[in-house]
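Down below is the structure, laid out as structure tokens.
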Amino acid sequence: MFVKPEAIAKILDILPGMKVADFGAGAGFYTIPIAKKVGAAGKVYSLDIRKEALELIRSKSREMRLLNVETLLTDIEANEGSHLKDGSVDMVIISNILFQVEGKKKIAEEAFRILKPSGRVAVVEWDEEKKVFGPPLSHRVNRQAAEDFFLKSGFVFEKEFNAGESHYGIIFKRTK
């Protein structure tokens, strides 16, 4: 069973009015359900390095009349790569991108920079069990390594959550 974004959006305590950044938003699996949860008073920033992914999200958002989605063409591994202001969002979602990037620590640092004090980051990543699907095992980031990137970037561990059969989920909190 793959990740179920709607179920995860519930686990994350996303409330109306929140501002959420979806790093590596892809096809908008998180953007759309989160945009519904934050409502008209909230905002979801969908960040991706691929124009076609962002066009798909814009199309889905228009179709569903979700006016609270902003797509940003970004390289989140670059310095201030999200283009968002310091301390401007309540939550960052980082799902299934750590295994694809070189600058894992840069991504953790960028999440820290844009989060408000006491903001949270949710990490969902492929587990290390070999399945028929998913990236090669050699590309996957084990749970402990993922935790280390975030703890070394100033976060504190908040909790683990069930992210489906093939993934692990961890929430970290910014404390300062």
| message | Quick check on my filter: what residues within the range 97-125 are modelled with pLDDT under 75 and touching a strand residue (DSSP E or B) at 6+ places or on another chain (Cβ under 8 Å)? | response | L98, F99
| In the range 13-33, the residues that are closer than 24 Å to G103 by Cβ, hydrophobic (A, V, I, L, M, F, W, C) and buried (at least 20 other Cβ atoms within 10 Å of the Cβ) | V20, A21, F23, A25, F29
| Could you count how many residues in the range 109-128 are part of a helix (DSSP H, G or I) and hydrophobic (A, V, I, L, M, F, W, C)? | 3
| Residue check, F155 against (1) of a type in the set (A, V, I, L, M, F, W, C); (2) under 18 Å from K105 (Cα atoms); (3) modelled with pLDDT under 85, all met but one. Which one? | (3)
| the range 32-90: number of residues that are within 26 Å of E109 (Cα to Cα), part of a loop (DSSP other than H, G, I, E, B) and of a type in the set (D, E, K, R) | 6
| request: Considering only the range 132-152, state which residues are modelled with pLDDT under 80, assigned to a loop (DSSP other than H, G, I, E, B) and surrounded by fewer than 16 Cβ atoms within 10 Å (Cβ to Cβ). | output: V132, F133, P135, P136, N142
| request: State which residue is nearest to P117 (Cα to Cα) when the search covers only the range 59-70 and only residues that are surrounded by 14 or more Cβ atoms within 10 Å (Cβ to Cβ) and out of contact with any Gly (no Cβ under 9 Å at 6 or more places or on another chain). | output: E70
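The values are calculated or read from the model by the stated rules, or taken from the named source; none is laboratory data. Fair warning: this is a prediction, and the values are worked out from it, not measured in the lab. We place every Cβ from the backbone using ideal geometry, glycine too, and count neighbours over all the protein chains shown.
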